[in-house]
Amino acid sequence: MSERVIPLVDQRLTTRAAVVPTTPIDATGLLGDALGRPLRDLRISVTDRCNFRCSYCMPKSIFDKDYPYLPHSALLSFEEITRIARQFVAHGVQKIRLTGGEPLLRKNIEILIEQLAALRTTEGRPLDITLTTNGSLLERKARDLKAAGLRRVTVSLDGLDDAVFRAMNDVDFPVADVLRGIEAAREAGLGPVKINMVVKRGTNEHEILPMARHFKGTGAVLRFIEYMDVGATNGWRMDEVMPSAEVVQLIHSELPLVQLDPSAPGETAERWGYADGSGEIGVISSVTQAFCHDCNRARLSTEGKLYLCLFATQGHDLKPLVRGGTSDAELASAIAAIWQGRDDRYSELRASMPPDQSTGGRRIEMSYIGG
Ligand code: SAM
Ligand code: SF4
Ligand code: SF4
């Protein structure tokens, strides 16, 4: 296998070229990785750009006007993305999430959604196509997204207090516009809308209860995400992580909760329902409670690199295959060989890892690989 490892700070360049195995691997929909985990969920990053500068993701000091974003020629076209996605679906993927950067900044994203919506699972069913967005362009685009075949959206929102929200997105974007985007998504039939709130201790934990009160009874599912040590630029510190157990306790003290069963295997959120039956919340505890054992997610970067874990230090470059005359069967075989070799379980290992053996600052940025 040819391998190209360039020891540069920019981890986007650290890539292993995907290769077609000499013995073809048939797409049976039953592919398993080295730990027996199936492939069910594909997250596709459609841009590495964003109009927000959330400090935990794209801090202004790094992502400034001189930041070397990918040139347009490096991005996969919609046809290339759909061709790759088709092979993943043949291997068992049932759900596709579009992400970024801010996915709604990618021009004509509706066309990509239409193409993906035409794919069928190995059982002949339509895919579950969703999108994670900061909501800034949602009011304008919700109807077209729905018409193109999008099923649901997840909107990121870190607080209701306008000053807190403007400070967290760091571009002075008003909370009212995101709330209108959420409403537009609901009206367009993109519900139940999920709302992702990253909780950073010392920054927005006082927004937890107002957020819970606001969305309780609206049909939206609010999910609290532990601030994660993704990327190398956000200056992550454990003391800024608020464990999900504390979040649940805080809400439960005012709005009683009961634990619910997981909705699907590999589901990242632990579900809690309001005891009065007025809806549910979720907590995603990627720091305090590892969920690697049934992690069935693959991630495709904007330029065609396949990552097997959110904390991977190396991608597998599919673009040379896609642009180099490889057949669909060969592409599917190459993807299968990569997945079969997957033994990533970073969150499970994190707790026991001495700092000098962790991946340290060499992780890939969330804005590049998507959430
Ligand atoms: N721009 C879109 C958005 O914000 O929804 C999609 C991309 S964003 C990278 C996907 C998700 O990752 C968002 O919900 C965001 O809050 C979350 N995220 C980014 N950095 C994070 C971090 N350090 N810890 C936890 N979640 C993070
Ligand atoms: Fe942009 Fe989303 Fe990252 Fe915030 S979390 S900077 S909105 S990509
Ligand atoms: Fe999946 Fe990696 Fe997260 Fe574990 S750390 S749940 S393997 S993405």
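At a glance:
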quantity: Selection from the stretch 282-315 of residues that are near ligand 3 (Cβ under 9 Å from one of its atoms) and part of a strand (DSSP E or B); calculated: ARG297, ARG299, TYR307
quantity: Residue that is nearest to the chain's Cα centre (by Cα) [pool: residues in the stretch 1-45 that are among the charged types (D, E, K, R) and at pLDDT 95 or above]; calculated: ARG43
quantity: Some residue of the stretch 197-206 being within 16 Å of ligand 3 (Cβ to nearest atom) and touching a residue at least 12 places away in the same chain (Cβ under 8 Å); calculated: yes
quantity: Boolean, ALA118 is aliphatic (A, V, I, L, M), away from ligand 2 (no atom under 16 Å from the Cβ), modelled with pLDDT of 95 or more and within 28 Å of PRO59 (Cα to Cα); calculated: no
quantity: In the stretch 72-82, the residues that are out of contact with any Asp or Glu (no Cβ under 8 Å at 6 or more places or on another chain) and either in contact (Cβ under 8 Å) with a residue 40 or more places away in the chain or within 16 Å of ligand 3 (Cβ to nearest atom) (or both); calculated: GLU80, ILE81
quantity: Qualifying residue in the stretch 250-269 (condition: open to solvent by 20 Å² or more (accessible area, probe 1.4 Å), within 16 Å of ligand 1 (Cβ to nearest atom) and assigned to a strand (DSSP E or B)); calculated: no
quantity: Qualifying residue in the stretch 137-151 (condition: of a type outside the set (Ser, Thr, Tyr), under 23 Å from LEU209 (Cβ atoms), in contact (Cβ under 8 Å) with a residue 24 or more places away in the chain and open to solvent by 20 Å² or more (accessible area, probe 1.4 Å)); calculated: no
quantity: Qualifying positions in the stretch 270-281 - outside any loop (DSSP other than H, G, I, E, B), away from ligand 3 (no atom under 16 Å from the Cβ) and either touching a residue at least 24 places away in the same chain (Cβ under 8 Å) or under 20 Å from SER156 (Cα atoms) (or both); calculated: ARG271, TRP272, TYR274, GLU280, ILE281
quantity: Residue satisfying all of: in the stretch 26-85; polar (S, T, N, Q) and in a helix (DSSP H, G or I); nearest to GLY101 (Cα to Cα) among these; calculated: SER73
quantity: Hits in the stretch 88-116 - residues which are open to solvent by 30 Å² or more (accessible area, probe 1.4 Å) and in contact (Cβ under 8 Å) with a residue 12 or more places away in the chain; calculated: ALA90, GLN94, LYS95, LEU105, ASN108, GLU110, ILE111, GLU114, GLN115
quantity: Residue that is surrounded by the fewest Cβ atoms within 10 Å (Cβ to Cβ) [pool: residues in the stretch 190-219 that are within 16 Å of ligand 1 (Cβ to nearest atom) and assigned to a helix (DSSP H, G or I)]; calculated: GLU205
quantity: Test: residue in the stretch 223-235 that is of a type in the set (D, E, K, R), farther than 22 Å from THR133 by Cβ and open to solvent by 30 Å² or more (accessible area, probe 1.4 Å); calculated: no
quantity: Members of the stretch 280-339 that are open to solvent by 10 Å² or more (accessible area, probe 1.4 Å), more than 15 Å from the chain's Cα centre (by Cα) and among the β-branched types (Val, Ile, Thr); calculated: VAL287, THR288, THR313, VAL322, THR326, ILE338
quantity: The lone exception for TYR69 - which of (1) within 15 Å of ligand 1 (Cβ to nearest atom); (2) in contact (Cβ under 8 Å) with a residue 60 or more places away in the chain; (3) open to solvent by 40 Å² or more (accessible area, probe 1.4 Å) it fails; calculated: (2)
quantity: The stretch 208-229, subset under 14 Å from GLU246 (Cβ atoms) and of a type outside the set (A, V, I, L, M), residue modelled with the highest pLDDT; calculated: PHE224
quantity: All positions within the stretch 300-329 that are within 16 Å of ligand 2 (Cβ to nearest atom) and among the β-branched types (Val, Ile, Thr); calculated: THR302
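Here is a yes/no grid of residues against (1) under 30 Å from GLY92 (Cα atoms); (2) exposed (fewer than 13 other Cβ atoms within 10 Å of the Cβ):
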| site | (1), (2) |
| --- | --- |
| PRO24 | yes, no |
| LEU30 | yes, yes |
| LEU35 | yes, no |
| PRO38 | yes, no |
| ILE44 | yes, no |
| ASP48 | yes, no |
| ASN51 | no, no |
| TYR56 | no, no |
| PRO59 | no, no |
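The values are calculated or read from the model by the stated rules, or taken from the named source; none is laboratory data. Remember, predicted model here, so these are calculated numbers, not experimental data. Cβ: placed from backbone, ideal geometry, glycine included. Neighbour counts: every protein chain shown. What goes into the accessible areas is simple: the full protein's heavy atoms, side chains included, and nothing from ligands, DNA or RNA. Shrake-Rupley method; radii C 1.70, N 1.55, O 1.52, S 1.80 Å.
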